[in-house]
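> Before anything else, here's the structure in question.
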Amino acid sequence: MLLKTFGWSFAVTALGLVVGVLYDGWTGLGVVAILSILEISLSFDNAVVNAGILKKMNAFWQRIFLTVGVLIAVFGMRLVFPVVIVAVSAKLGPIEAVDLALNDKTRYQELVTDAHASIAAFGGMFLLMIFLDFIFEDRDIKWLGWIERPLAKLGKVDMLSVCIALGVLLTAAFTVAPNAHIHGGGHVDKTETVLLSGILGLITYLVVGGLSGYFEGKLEEEEEREHEEEEEAKRSGKQKPVILLAGRAAFFMFLYLEVLDASFSFDGVIGAFAITNDIVLMAVGLGVGAMYVRSLTVYLVRQGTLDDYVYLEHGAHYAIGALAALLLITIQYEIHEVITGSIGVLLIAWSFWSSVRRNRALAAAEGKEGSDDAKAEVPSGV
């Protein structure tokens, strides 16, 4: 089961590491490995969300999502989007950007480094909004309750996350940006660039979130309509047109999944810029990680167990928050790739271990309760 589901992912991982070595030696291998781990850790909650919706769809639409959908939202976002964002930020055509990455790496690195402030501001704001909307939502299960309980109460204030994000942007623009690092070791005032790029990152998040909410609303409408038609069919004794209705509902599910998956894709793509500006290593590392999104989704659907490790989603979002902070800091200061990549991995590992401990505690409590019940059933004197 494990090999069948993850076989292609393992093969692509091995191929990606080999490409990293051939392209940039052991440094390339290390960067590909860090990017792959980062993408996998950030994409776990994506796979969980996808699987929760995907299991409601019939076999045909599951195949559509896991083939066409993955090519569009996963590979398209993770492999094409980095080229686009570099081309726009460095004012190059996509073909020219790719050509520079392959044939004039030094010049390409200079252009990307000089454009780092705009990339970091855009990505930092987008990731920060994902993190803030998560921690301000009141959830039944809390990981770090001493932090999450008061933040959930604050989250009842409308547009609080947007206000905080704009405050962070203004702080970065007027404190960090005036001393932004540029290629060659100098500094330049990039206040306007950071402000514009950060606002664009915020708008992008709001648009993607709005589209996700729209398709989710359509999905709920279809589910309500399906329930009403089922009740009407029972009263009239007629058979409901199951195939047509299922097709409409599945279609809206598919659209919703595409928008949702695209929004999750941004964090891995943007986060990669905090680790490397090399488009080749970025594409290879994210490509390896993207394969695991599909494999994890398939695995979770087939296993049917999505709630075993309940804190992983929390860990992934805390990792997103850490990446947002690091991106904004790198506008002025350089941070080693190992530090950037390790923080996310450590947070995921911590949340995983917390989930394991929670599961053990629940199992022990159930076992004790069962033992007490058994003793109560034994007649006195036995």
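Coordinate-derived values only; no laboratory data. What you see is a predicted model, and the numbers here were worked out from it, not measured in a lab. Reconstructed Cβ throughout: ideal geometry from the backbone, glycine too, with neighbour counts over all protein chains shown.
> Work out how much length V21 to R107 would gain on full extension: take 0.36 nm times their residue separation and subtract the Cα-Cα distance, in nm to one decimal. Could you put the intermediate results ahead of the total?
Numbers: separation 86, 0.36 × 86 = 30.96 nm, distance 2.17 nm.
Computed gain between V21 and R107 is 28.8 nm.
> Right, another one. Calculate, for V162 and Y333, the FRET efficiency according to 1/(1 + (r/R0)^6) with r their C-beta to C-beta distance and R0 25 Å; round to the nearest 0.05.
With a Förster radius of 25 Å, E is 0.40.
> What's the ranking of 58-64, 34-40 by average number of surrounding C-beta atoms within 10 Å, highest first? Show your work: numbers first, answer last.
Values: 58-64: 13.7, 34-40: 24.9.
The densest-packed peptide leads the list: 34-40, 58-64.
> Here's another thing I want to ask about it. Give me the extension gain from L144 to T171: residue separation times 0.36 nm, minus the current Cα-Cα distance, reported in nm with one decimal.
Here the answer is 7.0 nm.
> Based on the Cβ-Cβ distance of S236 and E137, what FRET efficiency does E = 1/(1 + (r/R0)^6) give at R0 = 56 Å, to the nearest 0.05?
The calculated FRET efficiency here is 0.85.
> I would also like to ask the following. Taking 31 Å as the cut-off for C-alpha to C-alpha distance, list the pairs among K190/K218; K142/K368; K55/K142; K56/K142 that go past it.
On the way: K190/K218 42 Å; K142/K368 24 Å; K55/K142 25 Å; K56/K142 26 Å.
Going by Cα-Cα distance, K190/K218 fall outside the 31 Å limit.
> Quick one: if the Förster radius is 45 Å, what FRET efficiency do A363 and E224 give, using the C-beta to C-beta distance and rounding to 0.05?
0.75
> If you don't mind, another one. When ranked by the protection proxy of mean other Cβ atoms within 10 Å per residue, highest first, what sequence do the peptides 350-358, 146-154, 282-290 form? Each step should come with its number before you reach the end.
Numbers: 350-358: 16.6, 146-154: 12.9, 282-290: 25.8.
Taking the mean over residues of other Cβ atoms within 10 Å, the ranking is 282-290, 350-358, 146-154.
> Using the Karplus equation 6.51 cos²θ - 1.76 cosθ + 1.60 (θ = phi - 60°), what ³J(HN,Hα) coupling, rounded to whole Hz, does each residue of segment 22-28 give in order, writing x for Gly and Pro?
Residue by residue, segment 22-28 yields 5, 7, 9, x, 5, 4, x Hz.
> According to a simple spin-label model (label point 7 Å from Cα along Cα-to-Cβ), what is the distance in nm between L3 and V345?
Result for the modelled spin labels: 2.7 nm.
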